[in-house]
Amino acid sequence: MICPIENEDIEVLLAYCSGTVGDAKAAELKLHVSGCPDCAPFVQLQHAVWNALDVWESNPVSSDFDRRLYARIAEVDREPWYRRAFDFVRPMFQQPALPLAAATVVIMAGFFFDRKQVILPVPSQPAAIRVSVTEAEQVERTLDDIQMLHQFDLDSQEAEKPSKSM
Amino acid sequence: MGASAALDIDAQLMLRVKDGDGASFGLLLEKHRSPVIHFLYRMVQNHAISEELAQEVFLRVYRSRSSYEPTAKFTTWLFRIATHLALNWLRDGKNERNQEHLDHDPEGMPRLQVSDRKPSIEQRMVHNVKVNEVRSAIASLPDKQRAAVLMHKYQEMEYSQIAKVLNCSESAVKSLLFRAYESLRSSLAHMA
């Protein structure tokens, strides 16, 4: 028999250890493993793992499991028709493409409205912040006005100079 | 032969559920309740969470009854839902929960069966230590490897069925199992 480990056919050894190979194959493998320095330790360890996993038993199911489930099912049955109709399309929403497309549309719509929007006060912002923004704009406008007036003064002074020299 | 017969029975029951037969849903629940809960328990290692997830599995089966088509084995479909929910649960809260449910979950400890031959305290302790080592070894596996091992070992599923549940190829399942058992061999070697 060709050595499963040399042949990189570990699958057959795993199947042998889990007892899922036929009797004839099992007998052939048993004979091989007993004399193979590679397969023997592998099988011994795999058997150990298999037996160790058997030690882990699961807890018994709660006695009220069915009652809780049927209560939830009764809630489902009481749902309005449009919620139940959604059950038909539910699998579509479990595919990653559709929610992704929906999210993309929402983001695109967000960008679209954001570009159209000028400056809108955020309703959730505190009043103090809104006032300070308005004040800043007023100060900026006042400074612009002062600068403009100053420029106007300079221009008028320069315009008067030639008339005085004359 | 047995597998195809089982497919027919479960699929036929589910088709009856589709036609509004509640009793058939009860039969399916009776048959698959324990395997699903035990699988989920070993996946998430918390009894309460596993039952909560199992409720969601059967609720989804019930909700999907009207669109059910027997294109695959019923158990493949069932465990696909269960695995999906378990993997999502693990992904969503792994960091906060993994230490908690391994170290501080008293109900995660196996309940010793009452029998005529009561095990001694020492035997109980040895048993608990072994169980904890197995649980830790399983918990340390990557989620998909863990699911593959649990389906292979405890549900005795074939590679092709595990592949359908995990939505991957059979060779990918072989690779998952090979790596998983390799890790388990090294972590549980001392139990040989």
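The values are calculated or read from the model by the stated rules, or taken from the named source; none is laboratory data. Small disclaimer: the values here were computed from a predicted structure and weren't measured. No Cβ is skipped: glycine too gets one built from the backbone with ideal geometry, and neighbour counts run over all protein chains shown. For the accessible areas, the whole protein counts, side chains as well, though only heavy atoms, and no ligand, DNA or RNA atoms are used. Shrake-Rupley method; radii C 1.70, N 1.55, O 1.52, S 1.80 Å.
Tell me, which residue of the range B:167-192 that is part of a helix (DSSP H, G or I) and open to solvent by less than 10 Å² (accessible area, probe 1.4 Å) is nearest to the other protein chains (Cβ to nearest Cβ)?
Applying the first criterion (part of a helix (DSSP H, G or I)) to the range B:167-192 yields B:170-187, B:189-191.
Narrowing the set further to residues that are open to solvent by less than 10 Å² (accessible area, probe 1.4 Å) leaves B:173, B:177, B:180-181, B:184.
Values: B:Val173: 10, B:Leu177: 7, B:Ala180: 10, B:Tyr181: 6, B:Leu184: 5 Å.
It comes out as B:Leu184.
Collect the residues in the range B:151-166 that are at the interface with chain A (Cβ under 9 Å from one of its Cβ atoms) and in a helix (DSSP H, G or I), keeping them in residue-number order. Even if it seems obvious, please write down each step before you answer.
First, the residues of the range B:151-166 that are at the interface with chain A (Cβ under 9 Å from one of its Cβ atoms): B:152-154, B:156, B:158-159.
Once the filter is applied, which keeps residues that are at the interface with chain A (Cβ under 9 Å from one of its Cβ atoms) and in a helix (DSSP H, G or I), the range B:151-166 yields B:His152, B:Lys153, B:Tyr159.
Go through (1) farther than 30 Å from B:His127 by Cβ; (2) within 12 Å of chain B (Cβ to nearest Cβ) for A:Leu13 and report which single condition fails.
(1)
Of all residues in the range B:30-67, count the ones that are part of a loop (DSSP other than H, G, I, E, B), open to solvent by 10 Å² or more (accessible area, probe 1.4 Å) and more than 9 Å from every other protein chain (Cβ to nearest Cβ). Give the derivation first.
Initial filter on the range B:30-67 (part of a loop (DSSP other than H, G, I, E, B)): B:45-46, B:64.
Filter once more, so that each one left must be open to solvent by 10 Å² or more (accessible area, probe 1.4 Å): B:46, B:64.
Checking the rest, the ones that are also more than 9 Å from every other protein chain (Cβ to nearest Cβ) come to B:46.
Of the residues in that region, 1 qualify.
Output the residues belonging to the range B:7-18 that are more than 12 Å from B:Glu69 (Cα to Cα) and without any contact (Cβ under 8 Å) to a residue 12 or more places away in the chain.
B:Asp8, B:Ile9
So for the range A:65-81 (the condition being at pLDDT 85 or above, open to solvent by 70 Å² or more (accessible area, probe 1.4 Å) and among the aromatic types (Phe, Trp, Tyr)), does at least one residue qualify?
For the range A:65-81, residues at pLDDT 85 or above, open to solvent by 70 Å² or more (accessible area, probe 1.4 Å) and among the aromatic types (Phe, Trp, Tyr): present.
Is there any pair with a first residue in the range A:40-51 that is open to solvent by less than 30 Å² (accessible area, probe 1.4 Å) and a second that is β-branched (Val, Ile, Thr) whose Cβ atoms are under 6 Å apart and which are 6 or more apart or on different chains, and what are they?
What qualifies is A:Val43/A:Val33.
Filter the range A:1-17 for residues that are closer than 11 Å to A:His32 by Cα and among the β-branched types (Val, Ile, Thr) and give the result.
A:Ile2
I need every pair where a residue in the range B:47-69 that is free of Cβ contacts under 8 Å to residues at least 40 places away in the same chain has its Cβ under 7 Å from the Cβ of a residue that is not in a helix (DSSP H, G or I), sequence separation at least 6 or different chains.
Taking only residues 6 or more apart or on different chains, the pairs are B:Glu51/A:Ser62.
Might you check whether a residue that is assigned to a helix (DSSP H, G or I), more than 12 Å from every other protein chain (Cβ to nearest Cβ), of a type outside the set (Phe, Trp, Tyr) and open to solvent by 20 Å² or more (accessible area, probe 1.4 Å) occurs anywhere in the range B:128-142? Explain how you work it out, then say what you get.
At the first step, the residues of the range B:128-142 found to be assigned to a helix (DSSP H, G or I) are B:128-139.
Still in the running and more than 12 Å from every other protein chain (Cβ to nearest Cβ): none.
Within the range B:128-142, not a single residue is assigned to a helix (DSSP H, G or I), more than 12 Å from every other protein chain (Cβ to nearest Cβ), of a type outside the set (Phe, Trp, Tyr) and open to solvent by 20 Å² or more (accessible area, probe 1.4 Å).
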